[in-house]
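Enquirer: Below are the structure tokens for one structure; questions will follow.
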Amino acid sequence: MRKLLFLVSILFSSTVFPQHAGYTVVADTATFKQQFAAASQKVNTIKSDFVQEKNLSMLSEKITSKGKFWFKKDNMVRMEYNQPFQYLMILNKNDIYIKDGQKENKISTKSNKLFQQINQIMVDCVKGTAFSNKDFSVKVFQNNTGYLIEMSPINKTLKDMFKNINVTVDKKQFAVNSIEMLEISGDNTVITFVNKEINSSLPDALFTH
Amino acid sequence: MRYLLISCLVLFSACASQYKHLQQSSGDNSCIQKFKPDFTRALYYTEVNVTNNYLSGLLLIKKMPDSSTRIVFSNQSGFKFFDFEFAANGDFKVYYIIDKLDKKPVILTLRKDFEIVMMQDKVMQNGFVKYDIATALRYYGFPEEKGYNYYITDSACNQLVRMERTSSRKPVVKLIMQNYKNGIPDTIGISHTGFKFDIGLKRLENENSN
């Protein structure tokens, strides 16, 4: 009887807390999708600082880097790492520009499918169109203050790289708080956005080089 | 006939060992142990040029509690390129490597390069010492399956000038470790002579981690 109770309690707890501690499943994803898309419609620009933590689970290691992030509709992103190294990445529609120390590199996402997919993740997350990305199946969870969008890769290339990509957004503005990329090995990379400014004026020149 | 002689000379000089002129030298090869890096934990900004591909990112070298050393290379955004384990007994394990790099010669080359950098016991057996009078450099040599590993110092063994992995005749890889701070080199360079494969590491000291 005690064993049965134990089994039932495990079953029950795994139903209530399915995958993400503190979050419950959002059953009505259609409504969420509409709300998310509507809120994102109002976001024309985002300016933010970010902290990126790479956690290497087996090594008990955390590598932290910091920088600045800018987004402008439709799909222009600038990520500027400035600690502990200098690295600039600009995504502008179909092109990626990278400045790595003295080296400059331009990549067309049209010719590089992997870059295109990663570019799309980034843009989908900030644009609120994660649901329409065909490379992933998507589930939504919520707690009191925000939503967690769990994106599971469908295609093999991304499946080899990620177990899941979890995006958290706040309930007020549906602005992205963090993006967690979880690898099969248990290692993960979490990018947390802080000091966000929504819809401040950003010149196009920020996204050119 | 003259052309034949010239051809033979060219052929002969091309085949001659670049290490033939080194003279046997007395000396204790334990003196180079002081150059063995103390990779308790070191993070490097890393650039790799391989054939026509360029990769850059962060390379972490960490000594684990079981005395093995892990080397993990990922790009700036956190996408991992490879994760290797070098056991204290010389064993080697690939925990992860991206498809594009998952080729036996690439893995073997990286393994051998880092074994020299880490000055693992397995690449430092049956040592001998030679001396180059012309350059006043001392060669601390260790035989390998198909050549030698050389740790090359000034004549007093105060400075590690460079390292070389060689075939029987010429260098295959040239490596440097410079500007040691607390037993960890600030700069590491690995350059292959036979094909375009260069690795440059610059230590990140002002990182804000842990």
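The values are calculated or read from the model by the stated rules, or taken from the named source; none is laboratory data. Not measured: the values here are computed from a predicted model. Heads up, the Cβs are rebuilt from the backbone with ideal geometry, glycines too, and the neighbour counts pull from every protein chain shown. Note: areas computed on protein heavy atoms with side chains; ligands, DNA, RNA excluded. Shrake-Rupley method; radii C 1.70, N 1.55, O 1.52, S 1.80 Å.
Enquirer: Before we move on, is A:LYS113 within 14 Å of chain B (Cβ to nearest Cβ), exposed (fewer than 11 other Cβ atoms within 10 Å of the Cβ) and at pLDDT below 85? Even if it seems obvious, please write down each step before you answer.
Expert: On the way: within 14 Å of chain B (Cβ to nearest Cβ): yes; exposed (fewer than 11 other Cβ atoms within 10 Å of the Cβ): no; at pLDDT below 85: yes.
Against the criterion (within 14 Å of chain B (Cβ to nearest Cβ), exposed (fewer than 11 other Cβ atoms within 10 Å of the Cβ) and at pLDDT below 85), A:LYS113 does not qualify.
Enquirer: May I ask you to list the residues in segment B:199-210 that are within 14 Å of chain A (Cβ to nearest Cβ), at pLDDT 95 or above and open to solvent by less than 70 Å² (accessible area, probe 1.4 Å)?
Expert: Looking only at segment B:199-210, we keep the residues that are within 14 Å of chain A (Cβ to nearest Cβ), and these are B:200-210.
Narrowing the set further to residues that are at pLDDT 95 or above leaves B:200-203.
If the condition is that a residue be within 14 Å of chain A (Cβ to nearest Cβ), at pLDDT 95 or above and open to solvent by less than 70 Å² (accessible area, probe 1.4 Å), then B:GLY200, B:LEU201, B:ARG203 are the ones that fit.
Enquirer: If you scan segment A:177-206, which residues turn out to be in contact (Cβ under 8 Å) with a residue 60 or more places away in the chain, crowded, with 16+ Cβ neighbours inside 10 Å and either among the hydroxyl-bearing types (Ser, Thr, Tyr) or under 30 Å from B:ILE98 (Cα atoms) (or both)?
Expert: A:ASP187, A:ASN188, A:THR189, A:VAL190, A:ILE191, A:THR192, A:PHE193
Enquirer: Given the condition open to solvent by 70 Å² or more (accessible area, probe 1.4 Å), modelled with pLDDT under 90, not in a loop (DSSP other than H, G, I, E, B) and not polar (S, T, N, Q), answer yes or no: does some residue in segment B:82-100 qualify?
Expert: The answer is yes, given that some residue of segment B:82-100 is open to solvent by 70 Å² or more (accessible area, probe 1.4 Å), modelled with pLDDT under 90, not in a loop (DSSP other than H, G, I, E, B) and not polar (S, T, N, Q).
Enquirer: Same structure again: Would you pick out the residues in segment B:48-94 that are at the interface with chain A (Cβ under 9 Å from one of its Cβ atoms) and hydroxyl-bearing (Ser, Thr, Tyr)?
Expert: Selection gives B:TYR54, B:SER56, B:SER74, B:SER77.
Enquirer: Follow-up. Does segment A:168-188 include one or more residues that are within 13 Å of chain B (Cβ to nearest Cβ), in a helix (DSSP H, G or I), at pLDDT below 90 and in contact with a Lys or Arg (Cβ under 9 Å, 6 or more places away or on another chain)?
Expert: No: zero hits.
Enquirer: Please count how many residues of segment B:54-81 are open to solvent by 10 Å² or more (accessible area, probe 1.4 Å) and outside any strand (DSSP E or B).
Expert: Total satisfying the criteria: 7.
Enquirer: Of everything in segment A:61-85 that's polar (S, T, N, Q) and more than 9 Å from chain B (Cβ to nearest Cβ), which residue is least open to solvent (accessible area, probe 1.4 Å)? Show your work before the answer.
Expert: Taking segment A:61-85 first, the residues polar (S, T, N, Q) are A:64-65, A:75, A:82-83.
Filter once more, keeping what is more than 9 Å from chain B (Cβ to nearest Cβ): A:75, A:82.
On the way: A:ASN75: 45, A:ASN82: 65 Å².
My answer is A:ASN75.
Enquirer: Which count do you get for residues in segment B:143-186 that are open to solvent by less than 60 Å² (accessible area, probe 1.4 Å) and outside any strand (DSSP E or B)?
Expert: The qualifying residues number 6.
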